[in-house]
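Here's the structure, in structure tokens; my notes come after.
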Amino acid sequence: MASVSSTFTVADSRSTSLFVKGGEAFRLSVTGTWVGTVRVEESNNGGAAFAVIDTLTANNAQDYDPKPFDRVIRLNCIAYTSGTVTYTVSNVTIAIGPLKLETAPIGQVAYTAINTNGVAATNVLMSCSGFVARSPFFATGAAICQGTTVGTNKLIYLIYDATGKLVCNTALAGTITASASTFKEIAFTSTLWLPSGNYFLAVQIDGATDTMRFIVTSTNVNVVCGQVASVFGTAAAFIVPPTTFTTATGLVGYIY
């Protein structure tokens, strides 16, 4: 774990910069008896310019949340009256977790022989089985297992948190289905950082021609899924997430 430690005893003093990788947090400790103002600053362009992310006028000890880009962190003592500001800024390494978070157990191939091949009602938001991020997860897109008929309809993926709040989605224009009996991966419109918690992968489709793989009773345990009315191309800011299992409504999929 890399760290930067030193003290401030005059105004207009800056710490050495600490490099923090995208997806990683950093930890700050400020101690001592002092009077002044210290800013916590970050740069995502190699130090060419810095933005203020916190301002301190007293001792502090906390972890700052990860962001989806590499950055350098520094402290800037912009005002000083008395005392000694003692500080340490250090990286917080996050344990590497799974490469994908699944809505239901998935084997090494797309198992289109299990569960059921079905069509969706137009403009219905399919809330897949809720999935769990057991550690913070850095995601760029999602996928569902398509059925045996593809090439006509468009898909939109949306991620909702446990309260039903929208946190991310793919392009609202939709992406055409393709390649039957495979997982259709679509990138989110922006990189997604998921703190640990429960989430839902939801899917909109603009018609009822193409098929997809739905989870049915007794094929998977510990699955919550259902349907929520919606309009294709509109990402509802909030939904009422399912709390029970409804057969043939949850989709086999994952985020990556």
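Filter the strands (runs of 3 or more DSSP E) completely within segment 1-88 down to those with at least 1 residues that are of a type outside the set (D, E, K, R) and touching a residue at least 60 places away in the same chain (Cβ under 8 Å).
Details: elements: 3-8, 18-20, 25-31, 34-43, 51-56, 60-64, 71-83.
Filter on segment 1-88 gives 3-8, 18-20, 25-31, 71-83.
Of the residues that make up segment 6-14, is at least one more than 30 Å from residue 142 (Cα to Cα), among the charged types (D, E, K, R) and surrounded by fewer than 17 Cβ atoms within 10 Å (Cβ to Cβ)? Walk me through how you get there before you give the answer.
Residues of segment 6-14 more than 30 Å from residue 142 (Cα to Cα): 6-14.
Filter once more, so that each one left must be among the charged types (D, E, K, R): 12, 14.
Imposing the further condition that a residue be surrounded by fewer than 17 Cβ atoms within 10 Å (Cβ to Cβ) reduces the set to 12, 14.
Yes; the residues of segment 6-14 include at least one that is more than 30 Å from residue 142 (Cα to Cα), among the charged types (D, E, K, R) and surrounded by fewer than 17 Cβ atoms within 10 Å (Cβ to Cβ).
For residue 37, are the conditions met, namely being loosely packed, with under 14 Cβ neighbours inside 10 Å and of a type outside the set (Asp, Glu)?
On the way: loosely packed, with under 14 Cβ neighbours inside 10 Å: no; of a type outside the set (Asp, Glu): yes.
Taking the combined requirement at face value, the residue does not satisfy it.
What about residue 205, is it of a type outside the set (Phe, Trp, Tyr), buried (at least 16 other Cβ atoms within 10 Å of the Cβ) and on the phi < 0 side of the Ramachandran plot? The answer is yes for residue 205.
To keep it simple, each residue is scored yes or no on (1) at pLDDT 90 or above; (2) surrounded by 20 or more Cβ atoms within 10 Å (Cβ to Cβ); (3) within 30 Å of residue 21 (Cα to Cα); (4) over 20 Å from the mean Cα position of the chain (by Cα).
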site: 75; (1), (2), (3), (4): yes, yes, yes, yes
site: 96; (1), (2), (3), (4): no, no, yes, no
site: 119; (1), (2), (3), (4): no, no, no, yes
site: 122; (1), (2), (3), (4): no, no, no, yes
site: 166; (1), (2), (3), (4): yes, no, yes, no
site: 178; (1), (2), (3), (4): yes, no, no, yes
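Among the candidates 211, 246, which residue alone is in the same structural domain as residue 177 (by TED's automatic domain parsing), surrounded by fewer than 18 Cβ atoms within 10 Å (Cβ to Cβ) and at negative phi? It is 246.
Being in contact with a strand residue (DSSP E or B) (Cβ under 7 Å, 6 or more places away or on another chain), over 30 Å from residue 255 (Cβ atoms), at pLDDT below 95 and not assigned by TED's automatic domain parsing to the domain that holds residue 245 is a property that does not hold for residue 83. Residues that are under 19 Å from residue 101 (Cβ atoms) and surrounded by fewer than 16 Cβ atoms within 10 Å (Cβ to Cβ) within segment 139-159 comprise just one, 140.
The values are calculated or read from the model by the stated rules, or taken from the named source; none is laboratory data. On a predicted model such as this, the values are computed, not experimentally measured, just so you know. When we count neighbours, we look across all protein chains shown, and the Cβ atoms used for this are built from the backbone with ideal geometry, even at glycine.
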